[in-house]
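The structure appears right after this line, and notes come after that.
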Amino acid sequence: MTDVINVSELDPRFKYEIAAQPGGENIKACFSCGTCSAGCPVREIDERYNPRRIIRMALLGMKEQVLSSDFIWLCSTCYTCYERCPQDVKLIEVMNVLKNMAVKAGYVPSVMKTQIKLLSDFGRLYEIDEFDNKKREKIGLPRIQMQREEISGIIKLTGLDKL
Amino acid sequence: MDQSNLLEKRVGVFICHCGTNIGGFLDVEDIEEYTKGLPDVVFTQRNLYTCSEEGLSQIKNGIKEHNLNRVIVASCTPRTHEPLFKRVCSEAGLNPYLFNFVNIREHCSWVHMHERKQATKKAKDLIRMGVARVRLLEPEEDIEIDVEPACLVIGGGIAGLTASTSLAKRGFKVVLVERDATLGGLLRDLYKLYPICEDATNVLEGRKREGESYPNLEILTSSEVKEIKGFVGNYEVTVDIQYPRHGIRIIKVGVIIVATGAKVLIPEGLYGYDGKRIITQLELEKRLKEEREKLKRLNNIVMIQCVGARGDKRAYCSKVCCMVAIKNATLISRLNPEAKIYIIYRDIIQVHGTEYEDYYREARDAGILFVRYHPENEPVVSDEYVKIYDEMLGEDILIPYDLLVLSTPLVSWEDASNLAKMLKVPLDENRFFLEAHVKLRPLDFATDGIYVCGTCHWPVSVPEAVSQALGAAARASIPMANKKVRVESIISEVDKDKCIACGLCASVCPYKAIEIKKTEGGKKAEVISASCKGCGSCGASCPMSAITMHQFTDEQILSQVKAVLP
């Protein structure tokens with residue numbers, strides 16, 4: 001980012017594009033109170049993640065910067081901000097909108113690609129082996145069957161494997 | 001009660017605990033014991049709250065059972081409770097002027113919370129002084145004055161018009177004096193009013209038509225108040241009429257409402273103000289009224305809040321500008337939804353009340369962007385851009401503008417002090433008219449019979465100005481409806497034999513309550529009882545000691561001084 005942000009070089013339509021997506025409707029209601037950032041558990045660990053700042057950048061029209069950034073992928077979907085937001089911005093849903101837009105624009109962080117591969121290979125984010133199932137049996141839980149085929153089918157169908 | 005008995009002084013002292021306010025910090029029992037030994041004190045009583053129903057009946061019983069002819073309450077402040085205790089004395093048959101207040105809360109327990117012994121001693125001293133004075137008090141009667149059932153309203157903006165119409169509706173004679181050629185004040189220049197975007201012209205014309213329909217409401221435009229003489233109930237006002245024919249009118253009224261309004265600050269020298277591409281909100285209102293087609297073609301509009309306000313020179317917040325900016329920005333966005341509108345505000349945006357909060361949200365929803373600044377990082381305006389530090393991004397942003405609108409505060413008229421002098425009412429440090437009490441008497445002046453409403457008192461919106469005007473009209477109608485006012489006879493009296501008509505008293509009197517008049521015995525000073533506020537300036541200045549202040553005679557004051565000296 002440069003030292004001075006020239007608004008005329010940004011995309012003022014960006015906020016309307018977000019608001020036109022399901023879940024993004026309320027983004028313009030944000031009045032920057034900072035309740036989201038104050039309660040965010042991710043921000044506590046990583047200062048770079050700042051929901052208020054992301055909304056601000058979006059409202060100003062910093063489309064490229066927002067969509068290409070890693071921040072939008074860091075949300076842990078804990079719903080703290082969603083519950084607390086006094087203007088009902090529905091931040092989690094806004095983040096989903098931003099992620100979808102980022103993917104469409106070709107911005108997929110490498111870690112996402114790894115996760116998609118794991119899902120495709122194991123039907124889960126990590127492999128279930130006998131060790132896990134024996135532990136489950138001991139405490140009376142049913143075995144977990146790997147559903148590799150179904151999941152990888154869905155991934156193929158949605159085109160996630162081509163990202 | 002038998003007034004002849006007044007020769008024998010029988011003083012009753014009621015000492016209030018005020019819950020723990022006094023009782024928690026002073027040795028009230030010790031004070032009572034001490035008080036019993038003071039001259040002429042025949043009865044003492046301690047009350048948990050003297051102002052409670054029980055405490056008041058204890059005063060009444062004390063007066064009756066012990067034949068008291070002087071009463072002291074040692075408690076809180078006369079500012080709030082003296083009228084109550086005086087009334088109770090009166091109800092028990094004692095002349096209320098034979099009552100004396102001693103403040104042992106503000107003057108003792110509150111200010112000396114941590115010095116119980118000394119505070120207790122001080123309370124004893126004050127009560128001793130009170131007893132010394134109360135023994136010398138004389139019964140007096142309130143003064144009753146006839147009220148001329150007519151009202152002068154100064155200023156024909158929305159506040160003055162509303163107050164006039166409201167009083168005319170009640171059947172009182174009203175004279176509305178407006179110095180401009182037309183009525184309406186600031187409303188004439190406004191386009192739409194927040195929050196429901198009513199047409200300002202419609203609001204004004206409706207009020208004007210209503211006002212003009214009352215034959216008992218006389219409207220004098222192009223006219224100015226030149227002189228005001230008299231006092232509550234009997235004011236004599238000189239009005240200079242410029243148009244249609246120049247002339248002077250003398251008007252007699254009982255009460256006066258001040259509604260002279262304010263004006264918008266022209267921000268000369270601030271942010272490159274030029275009245276063309278960089279304008280005030282008021283100038284924008286005019287363009288919204290007359291040049292909407294031109295405004296439609298503008299793509300980048302920036303507004304800056306608190307211009308010339310909340311700084312060293314003008315410390316106050318003008319209160320209405322945030323809503324004005326939001327309203328005008330919304331109107332522009334309705335004209336041209338593609339316009340990029342930024343409101344650069346300081347610290348907070350002033351939107352109070354549910355309807356205004358909604359309005360603010362609507363504006364954000366329309367895409368208007370709000371950027372905050374702090375005074376240490378003020379916006380910088382160049383030919384093309386406004387540069388502002390965005391604290392959320394931690395970086396400067398450059399916002400291009402085709403039109404820059406500066407939100408400037410409402411400021412008082414330069415000549416407000418002339419009218420204030422004529423009326424003998426105070427102005428605050430910003431030259432706005434100052435009410436008698438911010439909470440208890442918000443529409444009155446300390447001078448009886450004069451009331452205030454609208455932006456001459458403080459910046460307000462149209463709905464607030466209207467509420468205040470209706471309130472001021474209600475207040476003003478009280479003396480007119482009663483036809484008489486009673487004033488306390490704490491006033492000065494001139495001993496005609498001693499008076500040498502030097503005129504010093506008349507010149508120091510802040511209420512114009514003394515006149516030098518020709519009498520059979522030559523020129524003499526004469527007190528206009530109704531105007532006198534009992535300040536004592538005349539008494540202190542008189543070189544012949546010819547002036548006596550009722551209730552505060554030299555003898556009474558010196559008795560207190562003697563009582564407190566060791």
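The values are calculated or read from the model by the stated rules, or taken from the named source; none is laboratory data. Note that the structure is a prediction, hence the values are computed from the model and not measured. Backbone-built Cβ (ideal geometry, glycine too); neighbour counts: all protein chains shown.
Please tell me if residue B:307 is assigned to a loop (DSSP other than H, G, I, E, B), of a type in the set (A, V, I, L, M, F, W, C) and more than 12 Å from chain A (Cβ to nearest Cβ). Even if it seems obvious, please write down each step before you answer.
Details: assigned to a loop (DSSP other than H, G, I, E, B): yes; of a type in the set (A, V, I, L, M, F, W, C): yes; more than 12 Å from chain A (Cβ to nearest Cβ): yes.
Against the criterion (assigned to a loop (DSSP other than H, G, I, E, B), of a type in the set (A, V, I, L, M, F, W, C) and more than 12 Å from chain A (Cβ to nearest Cβ)), residue B:307 qualifies.
Among the listed residues B:362, B:395, identify the single one that is touching a Ser or Thr at 6+ places or on another chain (Cβ under 7 Å), within 14 Å of chain A (Cβ to nearest Cβ) and modelled with pLDDT under 95.
Working: B:395 fails: touching a Ser or Thr at 6+ places or on another chain (Cβ under 7 Å).
One residue alone meets the criteria, B:362.
Would you call residue B:378 crowded, with 17+ Cβ neighbours inside 10 Å, over 27 Å from residue B:535 (Cα atoms) and away from chain A (no Cβ under 14 Å)? Even if it seems obvious, please write down each step before you answer.
Details: crowded, with 17+ Cβ neighbours inside 10 Å: yes; over 27 Å from residue B:535 (Cα atoms): yes; away from chain A (no Cβ under 14 Å): yes.
It is true that residue B:378 is crowded, with 17+ Cβ neighbours inside 10 Å, over 27 Å from residue B:535 (Cα atoms) and away from chain A (no Cβ under 14 Å).
In region B:155-176, the count of residues that are crowded, with 22+ Cβ neighbours inside 10 Å and either under 17 Å from residue B:45 (Cβ atoms) or charged (D, E, K, R) (or both) is zero.
Residues in region B:99-125 that are of a type outside the set (Lys, Arg) and in contact (Cβ under 8 Å) with a residue 60 or more places away in the chain: B:104, B:108, B:109, B:110, B:112, B:113, B:119, B:120, B:123, B:125.
Scoring residue B:387 on the criteria (1) within 14 Å of chain A (Cβ to nearest Cβ); (2) not in a strand (DSSP E or B) leaves a single failure, condition (2).
Can you name the residue in region B:68-121 that is in contact with a Pro (Cβ under 8 Å, 6 or more places away or on another chain) and closer than 18 Å to residue B:141 by Cα and, of all such residues, is surrounded by the most Cβ atoms within 10 Å (Cβ to Cβ)? Can you show your working first?
Pass one, region B:68-121, residues in contact with a Pro (Cβ under 8 Å, 6 or more places away or on another chain): B:86-87, B:89-90, B:95, B:97-98, B:101, B:103.
When the remaining residues are screened for being closer than 18 Å to residue B:141 by Cα, the result is B:86-87, B:89-90, B:95, B:97-98.
Values: B:86: 21, B:87: 13, B:89: 21, B:90: 14, B:95: 18, B:97: 20, B:98: 24.
Applying the filter and picking the extreme gives B:98.
Tell me, please, whether a residue that is within 14 Å of chain A (Cβ to nearest Cβ), assigned to a loop (DSSP other than H, G, I, E, B) and either surrounded by 16 or more Cβ atoms within 10 Å (Cβ to Cβ) or more than 40 Å from the chain's Cα centre (by Cα) (or both) can be found in region B:409-418. Taking every residue of region B:409-418 in turn, none turns out to be within 14 Å of chain A (Cβ to nearest Cβ), assigned to a loop (DSSP other than H, G, I, E, B) and either surrounded by 16 or more Cβ atoms within 10 Å (Cβ to Cβ) or more than 40 Å from the chain's Cα centre (by Cα) (or both). Only residues that are under 18 Å from residue A:99 (Cα atoms), away from chain B (no Cβ under 12 Å) and outside any loop (DSSP other than H, G, I, E, B) were counted in region A:44-65, giving 2.
The residue list B:387, B:439, B:421 contains one member that is surrounded by fewer than 19 Cβ atoms within 10 Å (Cβ to Cβ), assigned by TED's automatic domain parsing to the domain that holds residue B:323 and among the basic types (Lys, Arg), which is B:387. For region A:118-131, the tally of residues that are modelled with pLDDT of 90 or more and surrounded by 14 or more Cβ atoms within 10 Å (Cβ to Cβ) stands at 0.
Taken over region A:22-63, residues that are surrounded by fewer than 22 Cβ atoms within 10 Å (Cβ to Cβ) and under 19 Å from residue A:79 (Cβ atoms) amount to 19.
For region B:494-545, the set of residues classified as crowded, with 16+ Cβ neighbours inside 10 Å, among the hydroxyl-bearing types (Ser, Thr, Tyr) and free of Cβ contacts under 8 Å to residues at least 40 places away in the same chain consists of B:537 only. Can we say residue B:405 is of a type outside the set (Lys, Arg) and more than 14 Å from chain A (Cβ to nearest Cβ)? Yes, satisfied. Residues that are part of a loop (DSSP other than H, G, I, E, B) and within 27 Å of residue B:230 (Cβ to Cβ) within region B:514-543 comprise B:520, B:521, B:528, B:529, B:530, B:531, B:532, B:533, B:534, B:535, B:536, B:542, listed in sequence order. Sub-6 Å Cβ pairs linking a first residue in region B:264-283 that is surrounded by 15 or more Cβ atoms within 10 Å (Cβ to Cβ) to a second residue that is in a loop (DSSP other than H, G, I, E, B) and of a type in the set (A, V, I, L, M, F, W, C), at least 6 apart or interchain, are B:267/B:307; B:270/B:307, ordered by first then second residue.
Quick one: in region A:11-37, of everything that is part of a loop (DSSP other than H, G, I, E, B) and facing another protein chain (nearest Cβ under 9 Å), which residue is farthest from residue A:51 (Cα to Cα)? Restricting to residues being part of a loop (DSSP other than H, G, I, E, B) and facing another protein chain (nearest Cβ under 9 Å), the top hit is A:12.
Could you list, in sequence order, the residues of region B:5-28 that are of a type outside the set (A, V, I, L, M) and either over 15 Å from residue B:103 (Cβ atoms) or over 35 Å from the mean Cα position of the chain (by Cα) (or both)? Walk me through it before giving the result.
Step one: filter region B:5-28 for residues of a type outside the set (A, V, I, L, M), giving B:5, B:8-10, B:12, B:14, B:16-21, B:23-25, B:27.
Those that are of a type outside the set (A, V, I, L, M) and either over 15 Å from residue B:103 (Cβ atoms) or over 35 Å from the mean Cα position of the chain (by Cα) (or both): B:5, B:8, B:9, B:10, B:12, B:19, B:20, B:23, B:24, B:27.
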